[in-house]
Amino acid sequence: MKLYLSPGSCSLSVHIALSEAGLPFTTEKVNLRETPHRTESGVIFTSINPKGYVPALQLDNGELLSEGVAIVQYIADLVPDMLLAPANGSMARYRLQEWLTFISSEIHKGFAPLWNPASTEDVKDAALTRLKSRFDWLSGELADKPYLLGDFSVADGYLFTCLNWMNFLKLPLDPWPVLKAYVERVAARPAVQKALKAEGLA
C-alpha cells in the first residue's frame with residue numbers, strides 16, 4: 001500500500017493507523033502549497049486523487065481509498081487482532097464511528113478558518129471560541145479514561161492529529177490539562193513516534 005500524505009496534516013491520522021497496525025506500506029508526500037498540487041515524484045496529484053487532497057491510500061489491488069475516516073477503519077479491519085477498532089456490527093463500533101464523525105466535523109473542520117489566510121480576525125476568533133467549547137466537553141469525556149473508547153483505537157490517532165495542530169498555531173493546551181496529558185500519552189506510543197519521525201515532526 002502507498003499513503004499519499006502531507007506532513008502534519010490530517011493524513012497523519014492514517015500514517016499513525018498504519019504504523020499501529022504493523023502493515024507494510026510506503027509513503028509519498030504531496031505538496032499542497034503549490035498549484036497544481038504535485039507528489040514528490042512530480043505527478044499532478046489530481047491524476048491520482050481527483051478530489052485533490054490527502055489522505056489517499058493506494059491499495060495493493062490498484063484501488064484508491066480516500067477520506068481519512070474510511071481509511072483508518074479499513075486499516076483496522078485488515079488487522080482485527082490489533083484491536084484498533086471494535087468488531088463491525090457491535091455497539092462499540094458505532095461508538096467509534098460516532099467519535100470519528102465528531103472529530104471530523106467538530107474538531108478537524110473547526111480548525112479550517114485558523115489555517116485560511118483569507119479569514120478575518122473575527123472569523124478566527126469565532127472559530128477558536130467554538131473549538132474551545134468542544135475542548136471543554138472533550139476534557140470531561142477523557143477525565144476518567146486514557147483513550148476515547150477506553151483502549152487505544154484509530155479515533156485516538158485522529159484526535160491526536162487534530163489536537164497537535166495547536167502546537168503549529170502556537171496555542172497552548174494548558175487550559176485543558178486533561179487534553180494536554182492525552183496528547184502526551186498518545187505521542188509517547190512507539191508507533192505514533194515512528195509516524196511523527198517519518199514526517200519530520202519529532
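The values are calculated or read from the model by the stated rules, or taken from the named source; none is laboratory data. The model shown is predicted, which means the values in this text are computed figures rather than measured ones. We place every Cβ from the backbone using ideal geometry, glycine too, and count neighbours over all the protein chains shown.
Annotations for the structure displayed:
- Test: residue in the stretch 82-102 that is without any contact (Cβ under 8 Å) to a residue 12 or more places away in the chain, more than 22 Å from Ser19 (Cβ to Cβ), of a type in the set (A, V, I, L, M, F, W, C) and surrounded by 14 or more Cβ atoms within 10 Å (Cβ to Cβ): yes
- Verdict on Ala76 being at pLDDT 95 or above, in contact with a helix residue (DSSP H, G or I) (Cβ under 6 Å, 6 or more places away or on another chain) and surrounded by 14 or more Cβ atoms within 10 Å (Cβ to Cβ): yes
- Being in contact with a Cys (Cβ under 7 Å, 6 or more places away or on another chain) and on the phi < 0 side of the Ramachandran plot holds for only one residue in Pro7, Pro36, Pro55, and it is Pro55.
- The residue that is surrounded by the fewest Cβ atoms within 10 Å (Cβ to Cβ), counting only those in the stretch 132-166 that are touching an Asp or Glu at 6+ places or on another chain (Cβ under 8 Å) and either without any contact (Cβ under 8 Å) to a residue 40 or more places away in the chain or among the basic types (Lys, Arg) (or both), is Arg134.
- Scanning the stretch 106-131 for residues that are over 18 Å from the mean Cα position of the chain (by Cα) and free of Cβ contacts under 8 Å to residues at least 12 places away in the same chain gives Asn116, Pro117, Ala118, Ser119, Thr120, Glu121, Asp122, Val123, Lys124, Asp125, Thr129.
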